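Below is one structure, written out as structure tokens; comments come after it.
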Amino acid sequence: MIPDALSTALRKARHLVVFTGAGVSAESGIPTFRDALSGLWERFDPAELATPSAFRRDPALVWGWYEWRRMKVLQAQPNPAHRAIAALAERVEKLTLITQNVDDLHERAGSRDVIHLHGSLHAPRCFACGRPHAISEVPEEPAEGRCLEPPRCQRCNGKVRPGVVWFGEALPEAALRAAFKAAGECDVLLSIGTSGVVQPAASIPQLALQSGATVAHINPQPSGQGGAREFSLAGAAGVVLPELLGQLDAR
Ligand code: BV8
Ligand code: ZN
């Protein structure tokens with residue numbers, strides 16, 4: 001059930017920020033960041049595998065992990081959560097969608113101008129010279145647990161790397177600036193499917209709260225500190241968001 005105070009804040013919101021993590025893609029069958037470490041990668045900690053040093057040390061292991069994840073995304077469909085977020089944009093004056101996810105399911109559900117704080121699985125580039133690398137979008141059976149030699153750059157023959165932001169790497173400047181600006185100006189921020197561990201992205205809901213916005217966390221795990229303007233809606237995004245949309249439409 002959506003608390004009245006939150007429904008009212010949503011109805012009055014002129015600027016809504018939606019901030020998503022891997023949990024919003026969970027119902028599309030995409031493992032969350034930690035769940036992605038199954039099979040061959042089970043023995044790794046994500047913060048250790050998703051790093052430039054891991055790629056330097058064992059490019060085939062890291063490239064294999066990302067190709068496995070990319071194949072999962074190519075075979076997945078947006079779920080009711082992605083679609084409800086795209087529909088929300090038609091119901092508020094301004095919606096800024098900020099995601100930590102590296103899949104393109106928000107875009108495939110119809111969301112536009114998505115701010116990707118941690119890059120994308122669909123934009124590999126040369127590790128040496130940075131040249132973007134065209135990659136096949138044909139979904140192949142994700143080879144569970146296969147190391148794969150990364151392709152080579154056509155310009156300098158360097159190894160191609162995933163287009164994601166690894167631990168220890170700076171987030172894209174413009175994306176981070178736009179995200180902080182939106183969080184500082186919005187009336188309501190919905191934080192959906194994130195464990196709020198990874199910085200600086202994890203500070204976005206707090207920034208919105210400190211700037212006077214109403215914040216709601218949508219997650220099966222209760223989240224947030226709770227307070228006059230902070231709500232925790234315990235549940236799956238694919239269930240809670242359509243309900244929230246329905247309440248907005250029932251006005
Ligand atoms: C930076 C892309 C500085 C890659 C990701 C010590 C040493 C070194 C660094 C640090 C350190 N201490 C802190 C740091 C900073 C570090 C950091 O935060 N580390 C953490 C581990 C403490 N951060 C960085 O390194 C960042 N860069 O600081 O650079 C700098 C500055 C200038 C110049 C140079 C350097 C870069 C961080 C980006 C890392 N890349 N992703 C990839 O995808 O492989 S982060 C990755 O993990 C995700 O993008 C996401 O953001 C994050 C968390 O992943 P998950 O936990 O799976 O996902 P999520 O949090 O969304 O959890 C799932 C949630 O969904 C759960 O809560 C679950 O309950 C919920 N859920 C499940 N099902 C559902 C659901 N919710 C709703 N509905 C459902 N159905
Ligand atoms: Zn190159």
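When 182, 175, 134, 208 are checked against the criterion of being within 26 Å of residue 72 (Cβ to Cβ), in a helix (DSSP H, G or I) and not charged (D, E, K, R), a single residue qualifies: 175.
Every residue in region 155-204 that is of a type in the set (Ser, Thr, Tyr) and open to solvent by 10 Å² or more (accessible area, probe 1.4 Å), please. Listed by number, the residues that qualify are 194, 195, 203.
Of the residues 53, 7, the single one that is hydroxyl-bearing (Ser, Thr, Tyr), touching a helix residue (DSSP H, G or I) at 6+ places or on another chain (Cβ under 7 Å) and more than 21 Å from residue 202 (Cα to Cα) is 7. For region 231-251, what are the residues that are hydrophobic (A, V, I, L, M, F, W, C), outside any helix (DSSP H, G or I) and surrounded by 14 or more Cβ atoms within 10 Å (Cβ to Cβ)? Answer for region 231-251, where residues must be hydrophobic (A, V, I, L, M, F, W, C), outside any helix (DSSP H, G or I) and surrounded by 14 or more Cβ atoms within 10 Å (Cβ to Cβ): 231, 233, 236. Applying the criterion of being in contact with a helix residue (DSSP H, G or I) (Cβ under 7 Å, 6 or more places away or on another chain) and within 26 Å of residue 46 (Cβ to Cβ) to the residues of region 209-230, the residue that is most open to solvent (accessible area, probe 1.4 Å) is 219. Only a single criterion out of (1) in a helix (DSSP H, G or I); (2) within 13 Å of ligand 1 (Cβ to nearest atom); (3) surrounded by 20 or more Cβ atoms within 10 Å (Cβ to Cβ) is not satisfied by residue 47, namely (3).
Residues of region 104-117 that are under 13 Å from the mean Cα position of the chain (by Cα) and either among the β-branched types (Val, Ile, Thr) or open to solvent by 30 Å² or more (accessible area, probe 1.4 Å) (or both): 104, 107, 114, 115, 116. Quick one: count up the residues across region 50-79 that are buried (at least 21 other Cβ atoms within 10 Å of the Cβ) and polar (S, T, N, Q). Adding up the residues that qualify gives 1.
The values are calculated or read from the model by the stated rules, or taken from the named source; none is laboratory data. Small disclaimer: the values here were computed from a predicted structure and weren't measured. For neighbour counting, all protein chains shown are included, and Cβ atoms are generated from backbone atoms with ideal geometry for every residue, glycine included. Remember, those area values only see protein heavy atoms, side chains included, never the ligands or the DNA or RNA. Shrake-Rupley method; radii C 1.70, N 1.55, O 1.52, S 1.80 Å.
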